[in-house]
Amino acid sequence: MKIQQSFRHNENSKRQGNLYLIATPIGNLEDMTLRGLRILKEADWIAAEDTRHTRKLLAHYHIEGRMLSYHEHNKKSAGQGILTKLRDGFTVALVSDAGMPGISDPGYELVREAAKVDIPVIPVPGANAALSALIISGLDTKSFLFSGFLPRETRRRNEKLEQLTDQPHTLIFYESPHRLKETLKAMQQCWGNRQIVIARELTKTYEEVLRSDLVTALSYVKEVSPKGEYCLIVQGADDQQDKNPLWWSLLSLKEHYEHYVAQGLNRKEAMKQVAQDRGVSKREIYNRMVSH
């Protein structure tokens, strides 16, 4: 068991530096906190995901600091260098390109290693895209699950979505513009027509929030050219409008199938959803549909 007392120094222990995790703006530079600015000015070193990006932020606030590069591709070697500086008593401020470091970036690995050797790790909270999108979504905020970016590979992505199917919590994802259409399509095929909120360019000039359902949202993004970084807030399994899991029981197989076609699913997608509802294979649904 380890107990960190962030602001109490034991005179009998070796003096080590603090690792500060500093939130940076996700768009609007005015969202930088006063405490974050002070620590960036006072830190011996600033470790950044992209030093060029962070230099723009520092220049805006007239901060001169010694920079270190720490990102996914150099995390092992750079992480050891940062730990050495911390052991030698230097203060290091860790920042990501935007938002809280350690979320969907390798910062958590540095935190884990620092904690192992009793280096104090201190959060300096501020802007965060996931929570900003959640609180404006209008979906349930009492319980939520953050899943970050879905896997790039189709099979692994679909497996992840299947794992989340019965989660009762509001679901939060990050997504890039070039993958948005495929992700929405996969969600709709796996979960049916849930409510979704798509937020992009939060706090920036072109901030946009789309409140819709998956079928309508997918039709919309097919007609536009997605731009910017996206947060997806999706209705949880226990928060769907139809609380009856057997709502389809009074429908014939054809009516059940036509229900999903009317929502915008193609033939293959509709049969897959019918099969999922009824707990049978898609092939069985196909054979029964053909025989009628």
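The values are calculated or read from the model by the stated rules, or taken from the named source; none is laboratory data. Please read these numbers as outputs of a predicted model, since none were measured by experiment. Reconstructed Cβ throughout: ideal geometry from the backbone, glycine too, with neighbour counts over all protein chains shown. Surface areas here come from the heavy atoms of the whole protein model, side chains and all, with no ligands, DNA or RNA. Shrake-Rupley method; radii C 1.70, N 1.55, O 1.52, S 1.80 Å.
Computed quantities for the displayed model
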{"read-out": "Cβ-Cβ under 6 Å pairs, at least 6 apart or on other chains, segment 140-159 side on the phi < 0 side of the Ramachandran plot, far side in a loop (DSSP other than H, G, I, E, B) and surrounded by fewer than 16 Cβ atoms within 10 Å (Cβ to Cβ)", "value": "157/151"}
{"read-out": "Qualifying residue in segment 48-70 (condition: of a type in the set (Phe, Trp, Tyr), open to solvent by less than 60 Å² (accessible area, probe 1.4 Å) and within 20 Å of residue 104 (Cα to Cα))", "value": "yes"}
{"read-out": "Verdict on residue 122 being of a type in the set (Val, Ile, Thr) and either within 14 Å of the chain's Cα centre (by Cα) or under 26 Å from residue 225 (Cβ atoms) (or both)", "value": "no"}
{"read-out": "Flag if residue 89 is at positive phi and either open to solvent by less than 60 Å² (accessible area, probe 1.4 Å) or in a helix (DSSP H, G or I) (or both)", "value": "yes"}
{"read-out": "Selection count, segment 249-268, where residues are surrounded by fewer than 12 Cβ atoms within 10 Å (Cβ to Cβ) and either in a helix (DSSP H, G or I) or touching a helix residue (DSSP H, G or I) at 6+ places or on another chain (Cβ under 7 Å) (or both)", "value": "5"}
{"read-out": "Of residues in segment 202-218 being open to solvent by 70 Å² or more (accessible area, probe 1.4 Å) and in contact (Cβ under 8 Å) with a residue 60 or more places away in the chain, the one farthest from residue 29 (Cα to Cα)", "value": "211"}
{"read-out": "Residue check, residue 26 open to solvent by less than 40 Å² (accessible area, probe 1.4 Å), assigned to a loop (DSSP other than H, G, I, E, B) and farther than 17 Å from residue 114 by Cα", "value": "yes"}
